[in-house]
1. Residues in the stretch 200-219: is at least one over 16 Å from the mean Cα position of the chain (by Cα), modelled with pLDDT of 95 or more and surrounded by 19 or more Cβ atoms within 10 Å (Cβ to Cβ)?
2. Looking only at the stretch 279-294, decide whether some residue is under 20 Å from the mean Cα position of the chain (by Cα), of a type in the set (A, V, I, L, M, F, W, C) and closer than 21 Å to G145 by Cα.
3. Report yes if F129 is of a type in the set (F, W, Y), closer than 23 Å to T295 by Cα and touching a residue at least 60 places away in the same chain (Cβ under 8 Å), otherwise no.
4. So P143 ticks every box in (1) touching a helix residue (DSSP H, G or I) at 6+ places or on another chain (Cβ under 9 Å); (2) more than 27 Å from I289 (Cα to Cα) but one. Which box is left unticked?
5. Please give the strands (runs of 3 or more DSSP E) falling wholly within the stretch 226-307 in which 3 or more residues are under 23 Å from P131 (Cβ atoms) and of a type outside the set (V, I, T).
6. Please work out if R166 is of a type in the set (K, R), in contact (Cβ under 8 Å) with a residue 40 or more places away in the chain and more than 26 Å from Q108 (Cβ to Cβ).
7. May I ask you to list the residues in the stretch 187-209 that are in contact with a Phe, Trp or Tyr (Cβ under 7 Å, 6 or more places away or on another chain) and either assigned to a helix (DSSP H, G or I) or more than 29 Å from A106 (Cα to Cα) (or both)?
Amino acid sequence: MTLAAHTPPKNPSRDRAGHPHQEDVASTFEQDRSIGDIIRDTKHLSQEQIDQIVECQRANGLRFGEAAVKLGLVTNADIVFALSQQFSYPYAAEIRQGAQQELVTASQPFGKQAEAFRAIRSQLMMRIFNPLEPKRALAVTSPEGGDGKTFFVANLGVALAQLGGRTLIVDANLRNPRLHELFDLPNTSGLTGILSGRQEENVIYQAPDIPSLFVMPVGVIPPNPLELLERPAFRLLMGELLRKFDHVVVDTPAGALGSDAVVIAARSGAALTLARKNRTRVKHLNEMITQLTETTAKLTGVIVNEF
């Protein structure tokens, strides 16, 4: 089984003399620039406008960006973009936000929800994605539909990609796939094509605006989802994906729809269960946890979705 995906190199490229290529130097220089420089260049501010901002900044004790917003020369979105450029954070361009409203870690990288995902990422880096641990994929499960698994998987994937490592999110919800919609990607080929033995060229897509994030959609929805997931091909596929990517996160169907999630968790190696505040029934949550503990998957924990 061979997979091909166009991925950027992990380390900056160098010429034969060992010097970084010009584009890599430019990227490093971009990180060293001030917020003011980035705003000036991206908004094409004149020297007169710069002087106005500096005067307002001194008179009111504001930062450069705050003064520029106060004068109406830039928007808050422009400031977020400049911050994302300075700190090398992927940021969804406004033209794409209409189709990516749920990708809060990309469209609002410094907001409350994005900060919550970064906190979860830190815990997972210690518990699952730790170099001292066996390499595992993480299956995100929940007992019922509507608990927010796809929202969680997509944003966790963005948060992991923001660390710089190659991250893949796999849509293994063969019953009601939605990841391709969040990232505005085609769903004509994907996981089911591999599991059914069909030759398909494009099964992994790079997420728009997020260089280190890749998505494997479901593809054609099959009539026999559980049988496909129980085939040896799925186990072999997960092993190959773990060799090609630094982090692999898997979306699953709700536990109420069948045994798919439990099978996916066992093949992934690790599982995390999601519950929704004031919605998920405790009885169903306990049943889900019991089923997962009876597999070989490492149960990472339970997260209550309040969003």
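The values are calculated or read from the model by the stated rules, or taken from the named source; none is laboratory data. Predicted, not measured: the structure shown is a model, and the values here were computed from it. A quick note on method: Cβ atoms are made from the backbone with ideal geometry, for glycine too, and the neighbour counts reach across all protein chains shown.
1. Yes, there is a match, as at least one residue in the stretch 200-219 is over 16 Å from the mean Cα position of the chain (by Cα), modelled with pLDDT of 95 or more and surrounded by 19 or more Cβ atoms within 10 Å (Cβ to Cβ).
2. No, there is no match, as no residue in the stretch 279-294 is under 20 Å from the mean Cα position of the chain (by Cα), of a type in the set (A, V, I, L, M, F, W, C) and closer than 21 Å to G145 by Cα.
3. Here the answer is yes, as F129 does meet what is asked.
4. (2)
5. Here the list reads 269-276, 298-305.
6. Answer is no for this residue.
7. L195
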